[in-house]
Structure formats: structure tokens, C-alpha cells
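The values are calculated or read from the model by the stated rules, or taken from the named source; none is laboratory data. This is a predicted model, so every value here is computed, not measured. Note: ideal-geometry Cβ built from the backbone for every residue, glycine included; neighbour counts use all protein chains shown. Calculation scope for accessible area: heavy atoms of the full protein, side chains included, ligands and nucleic acids excluded. Shrake-Rupley method; radii C 1.70, N 1.55, O 1.52, S 1.80 Å.
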Amino acid sequence: MTDFAATRAHFAIPEGLIYLDGNSLGPLPVAAAARVGAVMRAEWGARLIGGWNEAGWMDLPARVGDRIGRLIGAPAGSVMTGDTLSIKVWQALAAALDLNPGRRVILSDSGNFPSDLYMAGGLARLLGEGFRLVTVAPEAVAGALSAETGVLLLTEVDYRTGRLHDMAALTAAAHEAGALTVWDLAHSAGALPVDVAGAGADFAVGCTYKYLNSGPGGPAFIYVARRWAEAVRPALAGWLGHEAPFAFEPDYRPGRGIERMRVGTPPILQLATLDAALDVWEIADIGDVRARSIELSQAFIAAVEARCPGLALASPRDPRARGSQVSFRHPEGYAIMQALIARGVIGDFRAPDILRFGFTPLFIGMAEVKGAAAALAEVMATGAWDRPEFRARSRVT
Ligand SMILES: *Cc1c(COP(=O)(O)O)cnc(C)c1O
């Protein structure tokens, strides 16, 4: 059984703060600052360009990828880190469409994260010739698969409501229809057990600054199923994905397997942060994290519904049908969230009316759940949110 007091000690969270936004930006792992400092001084500072060979920088994206792989059911050598999630979505989609010639539809759901849809739309426009993005309601996805569908692009956990897609069932349905799948694990990796290989996913992508705590701008990751690894023809054909980058050949030859999903120079300092952040998984079991997250989120829903009649649950009530976040709707959701933040309870707001609370058992326990529900009840009962300063929108919500 995971010792959650021990995992909590891995993170530096300001005293008195109830941080329910680890689903958007994970907190600083205590070990990360020292690790990055060491990489800066002992590697970059002391070795300069020698760091690429002597400090293992060139292998770091794959080594860290393997550590993420263990959390998402991916075998060693099938996950690569780098770039940002938006880029990895585009890279996976381009590869999947190319592997499924003659099919020109990217199918997704209307609740998907805008960047995923923008990337799909942009790629389809670039390809022209009838390539297009089709979006349907989340519950209509399986029924919308057709002989035209080249790729099914889905985010497993909906960023607004937390609604959880059935990855194994939808992947099987997609394959039945002759389509490949690209799964976005932005709100899954580190939040709940994922089994990309067991589910038969073709590609999966995700970011690391949410539940994997790599810090703002931390690198993304991409998984490619073994059966496709040597068949992918990278559209983002960067020099570090080349079979022999330092041969400096004029023509591109893809690197071996997952190596070809590299693009350019990896962000070593952010990778070092991510590597340090992943250490907590040496003492945490993802099954335990999931069970605890359900316990915490159920308690939060019960407390909020008992004391805040004006808030409507926007997440599935059945915990098996949602990820690790709970959302409520209110037309004044933005101001309510600002009033809560002023009281030291950090969640976030997603337009048009969603108050979002992430439950991250690595550093959140029942005391924080009770404290957050009490603060929310107070804000609602007193109308404390109804002030001009809480309505003023910031650039990031
Ligand atoms: C957070 C998130 C992103 C963000 O993409 P970046 O390129 O890392 O900014 C994209 N897609 C989904 C589903 C997300 O949840």
C-alpha cells in the first residue's frame, strides 16, 4: 500500500495552501531544484558541450520515456519524450493517416481539448484533397466510425468534465472499422492506470506538467505501438530522429523505432526536472493512487452537494466513468473560483461555466478535501464572490 505521507513529502507546497490544480500544473518536486542545479553546474557548467556524450544527455529523452512507459502500460523502447503535447498530437496524427492510406477523416469528439482539434484541423487543411476533421458528441464516437475514418483521435479524460472514455472498447471499435487510434493521455498519465499496449492503442501522446509534475513547459511524450514502430514515416523529420544525425546526410532516413519520433535538440533542464519528478513513482502505486483519488473525489462531491445547492455537478457521478477531477457548473463560476483562490484554495475555471478541482493523492488528502469544501460553502453562502475584483478576468484562467 502506498504511503501517502511519504509521497506528500516529495513536494514543496506553500504552507496553508490547498492545491487542487495538480491536474493543470503539478507542484514542484523537492528533489527537482537540486537536480536541475546539479545538471546546470556539474554538467552544463563544467562539461559544456561534452555533456551530450559524458552526461548522457542524448539518451535522456528515451530513458525518461521508458519511466513514463511504466505508468501507461507501454513496453520499454516505445515511448519518446520531447516537444509539446500539441506538437506530439500533430506528429501522431500525421503518422497514423500516412499508415492508413485512402482514408481521409480524422474523427474526434466535440469535448476534446481545443489544441488537439486545432492541430487536427490544421493538418487536414495542409493535406487537402478531402482530408477533414469530423467531431461528434463523446457518446456518439463509436457510431460515427466509418469506412472513411483514418484515425480516431480522443482524449481519454475530458479536460472540462473529467468524463472517461473506454480506451479498450473504442480502440477495438476503431480497429473493427479499419481506423487507427491516437489517444491523448494529458489527464490520464499519472492519474489513473492506463494500459496502452493492453488496449491495443496505435499511438498515444501526453504532457508531463500536469499529473507528472515536470513543471511549466515540461516535455511531452509519444507512444508508438511496436507493430508500427518501424513503419512510421515521420512528417516532422528532424535531424535527431535521423538514423545517423551526425552523418549530416542531405536525405532523411528514419532512426530505429521510437527514435524517429525525436525532432530536434531535447530540453535537458526540463527533462532533468521530469526525471526527478518521476522518482515519486518508485514509492507510489498507480492503482493505489486511483483508489485514493476516487475516495477523495466522492467525499468532495458529497460535501459540496450537501452544502452548496447552487452548484451543479458537471462530472459523471459514477467514479469509474471519470478521471481524477471533479467539476461543478455555475454561471458565476469565474468569480467564485477567484474568491476561493483568495482563500488559499486553488482550483481553476474553464469557460463557459466550469469550476474544476483536481484530486492528486500524491500530495492531497482528506483534510484538504474538507477544507476546500468548507471554503467553497462559505463563499457560496455569504456571496463573497460577488465583487468586481473577482470578476476581472486574468489572461490565464
Ligand atoms: C493540457 C492539454 C494540452 C496542452 O498542450 P501543450 O502543447 O502542452 O500546451 C493539449 N491537449 C490536451 C488534451 C490537454 O489536456
From the options Ile258, Ile268, residue that is in contact with a Phe, Trp or Tyr (Cβ under 6 Å, 6 or more places away or on another chain) and within 26 Å of Glu43 (Cβ to Cβ): Ile268
query: In segment 76-98, what residues are within 16 Å of the ligand (Cβ to nearest atom) and open to solvent by 30 Å² or more (accessible area, probe 1.4 Å)?
result: Asp83, Thr84, Ser86, Ile87, Trp90
- request: Within segment 345-365, track down each residue that is in a loop (DSSP other than H, G, I, E, B) and more than 30 Å from Met1 (Cβ to Cβ).
  value: Ala351, Pro352, Asp353
- prompt: Out of curiosity, is Gly73 open to solvent by less than 10 Å² (accessible area, probe 1.4 Å), touching a residue at least 60 places away in the same chain (Cβ under 8 Å) and on the phi > 0 side of the Ramachandran plot?
  reply: no
- prompt: Given Pro114, Pro101, which one is farther than 30 Å from Asp275 by Cα, free of Cβ contacts under 8 Å to residues at least 12 places away in the same chain and either β-branched (Val, Ile, Thr) or open to solvent by 20 Å² or more (accessible area, probe 1.4 Å) (or both)?
  reply: Pro101
- prompt: Quick one: how many residues across segment 112-157 are within 20 Å of the chain's Cα centre (by Cα) and at pLDDT below 95?
  reply: 0
task: Spot the failing condition for Gly287; the list is (1) touching a residue at least 40 places away in the same chain (Cβ under 8 Å); (2) crowded, with 22+ Cβ neighbours inside 10 Å, and only one is missed.
output: (2)
task: Output the number of the condition that Arg160 fails; it satisfies all remaining conditions of (1) away from the ligand (no atom under 16 Å from the Cβ); (2) in contact with a Lys or Arg (Cβ under 8 Å, 6 or more places away or on another chain); (3) open to solvent by 40 Å² or more (accessible area, probe 1.4 Å).
output: (1)
task: Out of the residues in segment 163-193 that are part of a loop (DSSP other than H, G, I, E, B) and free of Cβ contacts under 8 Å to residues at least 60 places away in the same chain, state the one that is surrounded by the most Cβ atoms within 10 Å (Cβ to Cβ).
output: His165
field: Of the criteria (1) in contact with a Gly (Cβ under 8 Å, 6 or more places away or on another chain); (2) not in a strand (DSSP E or B), which one Ser146 fails
entry: (1)
